[in-house]
Amino acid sequence: MAQSVEEQIQQFQNGLERRNPGETEFHQAVAEVAGSIIPFIQDKPLYREMRILERLAEPDRIIIFRVCWEDDAGNTRVNRGYRVQNNNAIGPYKGGLRFHPSVTLSILKFLAFEQTFKNSLTGLPMGGGKGGSDFNPKGKSDNEIMRFCQSFMTELRRHIGPDIDVPAGDIGVGAREIGYMFGQYKRLTNEFTGSLTGKGLEFGGSLIRTEATGYGAVYMLDNMLQAAGNSLDGKRVAISGSGNVALYAAEKARHLGGKVVSLSDSSGSIYDPEGIDEEKLSYMVDLKTVRRGRIDEYAKEFGTEFYAGKRPWHIQCDVALPCATQNEVSLKDAKTLLKNGCIAVSEGANMPTEQAGIDAYLEAKILFAPSKAANAGGVAVSGLEMSQNSARISWKEEELQDLLRNIMSDIHERCAENGREGDYINYLRGANIAGFIKVADAMLAFGIV
Ligand code: NDP
């Protein structure tokens, strides 16, 4: 007897878990995609016979290496470096580097898998990859960061290049780290090529790259609200995180008429019922990116609430933008958001909502933009940075703003087209299917490789 779709999903997932034991984040990311793709390919025998989904869930290549460096006290330190090159069917591998003590192979495999779909959704020719290290940049001096980045790049440079694999930033990797890594890449290869994105403007970086992920997540939110006949105007916006993505999401949400009432870091959340205005946001940017301080200083400065060790999802809001890290919205948090009247969630971070939380959003039929669609603005502008580097040109800020806005509208359209369920748009299903088709068709063209 033929297997039901549910049985096929279960069998696929059992195989994946058997081959990748203990990699829970990777299992989670693949399960979320398989839940959309396996039903979609039921009447598409070629995708099934050619095992496209199975091949997508088996990275092309994984590189793991030792990173030794010397701290300021002269001690030898040892970390582990990784690059997961998931799939390059539609372009060179592309995806960020994460430096955080929680980094494991499972986390990087989930991120590289997700990145493959996300990059396809942008419409630009980029494959999917991700890398990083369990190195903790917190509390390290600039010199220690430099020595670590140089040691990391000494190995990584063998595996990257403008037509091979082009890394960028992610958690713990910003302009400073990219600068050190690009400097070392250039020194070792004696080449000035666009082998990293997120570079400084003086050496080939693109305007608005820093802002692009946060801005893009808000554009996606705005597009969904508009498609539903609504707008951001006057909406209370809860944001988690206070890093690169969160700060620019806050800026754009404010510009589009929203009132941002929260931000957070790994020590807790602040709640500002009056809204984080321009002056307060500048204070926060200085606190988090220049002074690298803790978020409770904001609460002390402006006399607002600080919830130690808590995420902001208990705060009353109309829309939520999780912009910190994976699995930061549990089922309980998702239910609290829904109970408090939240009508839309746009994921700035990668896989911030646990699967059961996503199921709750979809059941309640709120507007939900999954990370692979909502945070694709960053990699899209990285793709534009690659084009600028190859052509040795640089676009003006207004041109890039327009390009970003248009790319996010196109992503919204692709998701809507593939995710329509009666009068509800299931953006998750739409994103998975739209991202899949382009990569799958390229893989079919290559035969069995
Ligand atoms: P940053 O390092 O700039 O900021 C991360 C923020 O999240 C910080 O406020 C940090 O707090 C907080 N955070 C990190 N880990 C945890 C944790 N375990 N619990 C609670 N808070 C935490 O990173 P980005 O803003 O660049 O990235 C944030 C998310 O967005 C990630 O999921 C990343 O993969 C995703 N993303 C980023 C892109 C980019 O262009 N940068 C592109 C696409 C996705 P603290 O300061 O205390 O560490």
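The values are calculated or read from the model by the stated rules, or taken from the named source; none is laboratory data. Every value quoted in this text rests on a predicted model; they were computed, and no experiment measured them. Cβ atoms come from the backbone with ideal geometry, glycine included; neighbour counts cover every protein chain shown. Only protein heavy atoms, including side chains, enter the accessible area calculation; ligands, DNA and RNA are left aside. Shrake-Rupley method; radii C 1.70, N 1.55, O 1.52, S 1.80 Å.
The condition of being within 18 Å of Phe368 (Cα to Cα) and at pLDDT 95 or above holds for only one of Leu196, Leu207, Leu232, Leu188, that being Leu232. Here Lys44, Lys94 are screened, and the one residue that is at pLDDT 95 or above and either more than 18 Å from Phe436 (Cα to Cα) or under 27 Å from the mean Cα position of the chain (by Cα) (or both) is Lys94. I'm trying to understand the selection: among the residues of the range 352-374, which are in a loop (DSSP other than H, G, I, E, B) and open to solvent by 10 Å² or more (accessible area, probe 1.4 Å)? Scanning the range 352-374 gives Glu354, Lys365, Ile366.
Against the list (1) surrounded by 14 or more Cβ atoms within 10 Å (Cβ to Cβ); (2) of a type outside the set (D, E, K, R); (3) at pLDDT below 95, the condition Val449 fails is (1).
Among the residues of the range 152-178, those identified as buried (at least 17 other Cβ atoms within 10 Å of the Cβ) and more than 15 Å from the ligand (Cβ to nearest atom) are Phe152, Met153, Thr154, Leu156, Arg157, His159, Ile160, Asp165. If you go through the range 229-241 and keep only what is open to solvent by 10 Å² or more (accessible area, probe 1.4 Å) and either in contact with a Leu (Cβ under 6 Å, 6 or more places away or on another chain) or within 16 Å of the ligand (Cβ to nearest atom) (or both), you end up with just Ser231. Restricting attention to the range 292-319, the residues that are exposed (fewer than 12 other Cβ atoms within 10 Å of the Cβ) and more than 12 Å from the ligand (Cβ to nearest atom) total 3. Taking the range 5-26 as the region of interest, how many residues are assigned to a helix (DSSP H, G or I) and open to solvent by less than 20 Å² (accessible area, probe 1.4 Å)? Summing the residues that are assigned to a helix (DSSP H, G or I) and open to solvent by less than 20 Å² (accessible area, probe 1.4 Å) in the range 5-26 gives 4. Could you tell me whether the range 133-151 includes any residue that is in contact with a strand residue (DSSP E or B) (Cβ under 9 Å, 6 or more places away or on another chain), within 26 Å of Ala89 (Cβ to Cβ) and either at pLDDT 95 or above or open to solvent by 30 Å² or more (accessible area, probe 1.4 Å) (or both)? No, the range 133-151 has no match at all.
Does the range 73-81 contain at least one residue that is open to solvent by less than 10 Å² (accessible area, probe 1.4 Å) and without any contact (Cβ under 8 Å) to a residue 60 or more places away in the chain?
Taking every residue of the range 73-81 in turn, none turns out to be open to solvent by less than 10 Å² (accessible area, probe 1.4 Å) and without any contact (Cβ under 8 Å) to a residue 60 or more places away in the chain.
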